[in-house]
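The values are calculated or read from the model by the stated rules, or taken from the named source; none is laboratory data. Computed from a prediction, not measured in an experiment: that's the story for all the values here. All Cβ positions, glycine included, derive from the backbone under ideal geometry; neighbour counts span all protein chains shown. These accessible areas exclude ligands, DNA and RNA; they are computed on the full protein's heavy atoms, side chains included. Shrake-Rupley method; radii C 1.70, N 1.55, O 1.52, S 1.80 Å.
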Amino acid sequence: MSRSAERIVSLLWLLLEAGANGRSKNDIFKYLYDHQSTSTAAKQRQFSRDKEALTAIGVPIRWHQKTSPDGVYLIDRDRLYLPDLELTDQEIMALHQARALWMRTPIEDAIHAALTRMTAGQPANPPFVGAQLAPSQSLLTDIVAATREQAPIRFRYRTVGRDEIANRKLRPWAVFMAHQHWYVVGWDLDRHDERIFRLSRIESKTITALPSEALTGQRESSLPPPQFSIEAIRARLYTEQAATEAYVWIAENVSTSLRIRAEVVHRSPGWELLYFTYRDPLKVAASIAALTTKARVNPQQSAELAELVDDLTAVVRDAHTGTPVLAVPKLTKVTRTRRRTGDRDVISRRLGIVAVVNQNGGTMSREQVRQRFTIDDATLTEDLSAMQFWGLPETDFAGGQFEIDPHADPVEISNAELLAQPWQLSAPEALGLISGLNAVPTIPGISQVQQSAAQTLGIKLRDAIDLVDPQAGIQDHVIHPDLSLGEDDEIAEVLHQGARLHQVVSISYYSESSGSISTRDIEPLQLRYASGHGYVHAWCQETADLRTFRLDRIGTANITERYFTPAFRSVPQTPVAPAVTDEALTVIVHATHRYRDVINAYHPIATAIADDGSIYAQLAFQTLTPLLDLLATHAGQIVVVQPQKVRETIWEMMNSTMTTPHDSAR
C-alpha cells in the first residue's frame with residue numbers, strides 16, 4: 001500500500017509541478033515505472049491504474065496532443081480546484097448533516113474526504129440526525145453507479161410469492177427509499193415494462209454490468225418517461241390508512257408499549273381499559289396477541305381488531321403444534337462486516353490532510369486534524385510517517401519531498417504547497433453530498449432555515465461542478481433517501497428541536513428489557529435511523545449515562561425550559577443494536593423467503609439459507625414477549641424450530657388465550 005500510494009502521489013506531484021506544459025509518457029515512465037523489473041505491458045497497466053486512482057478521488061488527468069506525436073498528460077488547474085463556495089454556517093451544518101445520513105456505508109466513505117476539504121477552515125459540528133440507511137446494502141453503491149449512467153445491469157432476484165430465484169435485467173432509473181426500505185426502479189428488459197425491485201431481495205453478491213447491446217430495440221423506450229415521479233411510486237407502494245379507534249383491556253400489572261400512547265378510560269378489578277388510535281392494524285394486533293391472556297380487545301367497540309387478534313393467535317398456535325417437520329441445517333455465525341479502508345480512501349485522506357493543513361497556514365494541532373478526519377492518534381502518526389516520502393520522486397528530485405515530523409504537535413507540512421486548495425469532487429462524492437442534501441428536508445422537525453441552507457448549498461455544488469465539468473452533475477437526481485417516520489414524526493420533531501436548541505426533553509418510555517414504563521429527562525444528542533426504526537442517542541439524567549431510546553416506544557415528549565451543554569457528551573459511533581444479557585432467551589427460527597428480510601432487524605447470531613430461499617436464524621430475546629410479537633406479526637411465516645420446550649410454551653400460551661372466555665376481563 002505505502003509504495004503504491006507513494007507512486008500515485010508522485011504522479012500527481014509530477015503533473016502539478018509541470019503545470020500547463022504537462023509531461024510526456026516517456027518522462028513519466030522514466031521517473032516512476034522504468035526502474036521496475038516488470039514487463040512493458042505490466043508497467044502500462046500500472047500507469048493506467050494509477051491514473052484511475054487519481055481520477056477516482058477527483059483529480060482530472062487528461063491527455064493533450066501537443067507538438068510531439070505522443071502528446072502529454074496534464075492536470076487542468078481550472079478543473080482541479082473547486083471554486084470558493086463561500087459557505088455560511090448553516091450550509092456547513094447542512095454538509096455535515098448530508099454526510100451523517102450515510103453512516104456506515106460506502107457512500108459515507110466517498111463523501112467524507114470531500115467534506116473535510118470543503119470545510120477546512122471551519123469547525124466540525126456534529127450533526128443532529130444520523131442514519132444507518134443502508135449498512136447491509138452492500139450492492140447500493142454499484143446500483144447507484146449504474147443508475148447514474150442508466151447502464152443495463154443483471155442480478156438474481158427473489159420474488160415475493162414465488163419459490164424460484166430468477167435472473168432479471170434492468171435499465172435502472174432511480175434508487176429510492178420508501179418506509180425504511182431501499183428500492184430500485186427502472187425498465188425491465190425482459191418484460192418490456194417498468195418494474196420495482198427491493199434491494200434486500202437481490203440474491204446476487206455483485207451486480208453484473210451488461211454491454212450496451214442489451215438495450216438493442218429498447219434504447220428509447222427504456223428511458224424514464226417524462227412524467228416519471230418518485231413520489232408517485234412511493235404512493236403506489238403504500239397507502240396510509242385512516243386512524244382507527246381501539247378499546248383494549250390490559251391486566252393492570254402489565255407494562256406494554258400499547259400503554260405509552262393510550263388513555264385509561266375504565267377500570268375493573270385487575271384490569272384497565274385502554275383507548276388509543278392506530279393506523280397499522282397488523283402491528284397493533286400482533287402487540288396484543290403477544291400479551292396472550294393478559295390482554296383482550298373489547299369486541300363490542302373494536303370488533304375487527306378483536307377478530308384479527310384471534311386469527312393471529314390461532315395461526316401462531318397451530319404453527320407450533322407438536323414437533324417441527326423442518327430439520328435445522330448447520331448455522332454459520334454472523335460476522336458484522338467492518339468497513340475496510342481501501343488504498344484510494346487512504347490516499348484521499350492523506351492528501352486531504354495536506355490540503356487542510358495548507359489552508360490553515362501550514363500548521364494545525366493534532367487534535368484538530370484527528371477531529372477533522374475522525375481518526376485516532378496512531379492512524380494520524382501512520383499517515384504522517386508515510387507522507388514523509390511523498391512528493392516528487394526522490395531519486396530524480398532531491399529535496400522535492402514533503403517535510404513532516406510525524407510525531408510533532410502541531411502538525412506542520414511544508415514543501416507541499418502545490419495542493420493548497422480543496423480539489424474537485426469526484427462523481428461518488430458529488431452524488432453522495434447532493435443526494436444527502438436532497439434528503440435533509442425530509443427530516444422530521446428540520447427548521448426552515450436548515451431546509452433553505454440545504455437547498456442553496458445544493459445549487460452551489462451543482463453550479464461548481466458544472467463550471468469545471470458540465471457532464472459530472474447531469475444525473476444527480478438518481479438517489480432519493482426518505483427520513484419520514486410516519487406515526488413517530490411528531491416525537492422525532494420534538495427530539496430534533498431539543499437536540500438543535502440544546503434543551504432537555506421529558507419523555508415517557510417503555511423499556512422492553514425491563515418491561516416497565518418510566519418518565520425520564522434526557523439530553524437529546526442525535527436522532528438515528530437504523531433497521532427500519534428511529535432512535536435517539538441521549539444523555540439520560542436519571543441513569544447519568546448515555547442511552548439509546550427507540551422512538552416508537554416513547555409515549556410523550558415535551559421540551560423543558562432547562563438547557564444542557566452538548567460539548568460534554570459524545571455521540572456513540574457504534575451501530576444501534578439491542579442489549580442482550582446472559583439470561584436472554586435463545587431460539588432458532590425459520591422464516592419463509594418472503595419474510596427473510598425481517599430477520600436482519602433482530603441481529604441474528606447465526607444463520608443458514610435453505611435451497612428454497614428461506615432462512616434459519618438463531619436469535620436472542622431478553623423476554624418472551626418480543627419473540628411472540630415477531631411470531632404474531634408474521635404469523636405462520638416465521639416459526640420457532642428449536643428448542644422444543646419453547647415451542648411447547650408458545651403453544652400452551654396461545655391455546656390458553658384462545659380458550660379463556662372473553663368476558664373474563666370485565
- Do any helices (runs of 4 or more DSSP H) entirely within the stretch 297-414 hold 3 or more residues that are touching a residue at least 60 places away in the same chain (Cβ under 8 Å), and if so, which? 303-319, 343-359, 366-373
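Counting residues that are at pLDDT 65 or above and out of contact with any Phe, Trp or Tyr (no Cβ under 7 Å at 6 or more places or on another chain), which strands (runs of 3 or more DSSP E) fully inside the stretch 82-195 reach at least 2?
153-158, 165-178, 181-188
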- Checking residue 234 against (1) in contact (Cβ under 8 Å) with a residue 12 or more places away in the chain; (2) open to solvent by 60 Å² or more (accessible area, probe 1.4 Å); (3) basic (Lys, Arg), which single condition isn't satisfied? (2)
- So which residues in the stretch 364-393 are farther than 18 Å from residue 346 by Cα and loosely packed, with under 14 Cβ neighbours inside 10 Å? 365, 367
- Does the stretch 255-277 hold any residues that are open to solvent by 20 Å² or more (accessible area, probe 1.4 Å) and in a strand (DSSP E or B), and which are they? 263, 264, 265, 266, 267, 268, 271, 272, 275, 277
- With the condition kept exactly as written, say whether any residue in the stretch 591-607 is in contact with a His (Cβ under 8 Å, 6 or more places away or on another chain) and at pLDDT 90 or above. yes
- Can you tell me which residues in the stretch 196-206 are open to solvent by 10 Å² or more (accessible area, probe 1.4 Å), closer than 25 Å to residue 611 by Cβ and either of a type in the set (Gly, Ala, Ser) or at pLDDT 90 or above (or both)? 200, 204
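Consider the stretch 286-298. How many of its residues are at negative phi, buried (at least 16 other Cβ atoms within 10 Å of the Cβ) and more than 30 Å from the chain's Cα centre (by Cα)? Please lay out each step first, then the result.
Our first condition is that a residue be at negative phi; within the stretch 286-298, this holds for 286-291, 293-298.
Next, only the ones that are buried (at least 16 other Cβ atoms within 10 Å of the Cβ) stay: 286-291, 294-298.
Right, trim to more than 30 Å from the chain's Cα centre (by Cα) and you get 288-291, 294-298.
Looking only at that region, the number is 9.
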- Message: What's the total number of residues in the stretch 15-52 that are within 15 Å of residue 80 (Cα to Cα) and of a type in the set (A, V, I, L, M)?
- Response: 4
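Does the stretch 206-229 contain any residue that is closer than 25 Å to residue 485 by Cα, free of Cβ contacts under 8 Å to residues at least 60 places away in the same chain and acidic (Asp, Glu)? Steps first, answer last, please.
Here is the first cut: in the stretch 206-229, the ones closer than 25 Å to residue 485 by Cα are 228-229.
This time we only want the ones that are free of Cβ contacts under 8 Å to residues at least 60 places away in the same chain, so: 228-229.
Filter once more, so that each one left must be acidic (Asp, Glu): none.
The answer is no, given that none of the residues of the stretch 206-229 is closer than 25 Å to residue 485 by Cα, free of Cβ contacts under 8 Å to residues at least 60 places away in the same chain and acidic (Asp, Glu).
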- Taking the stretch 625-639, which residues are out of contact with any Phe, Trp or Tyr (no Cβ under 8 Å at 6 or more places or on another chain) and aliphatic (A, V, I, L, M)? 628, 631, 632, 635, 639
- Query: Do we find that residue 207 is in contact with a His (Cβ under 6 Å, 6 or more places away or on another chain) and not charged (D, E, K, R) in this structure?
  - Reply: no
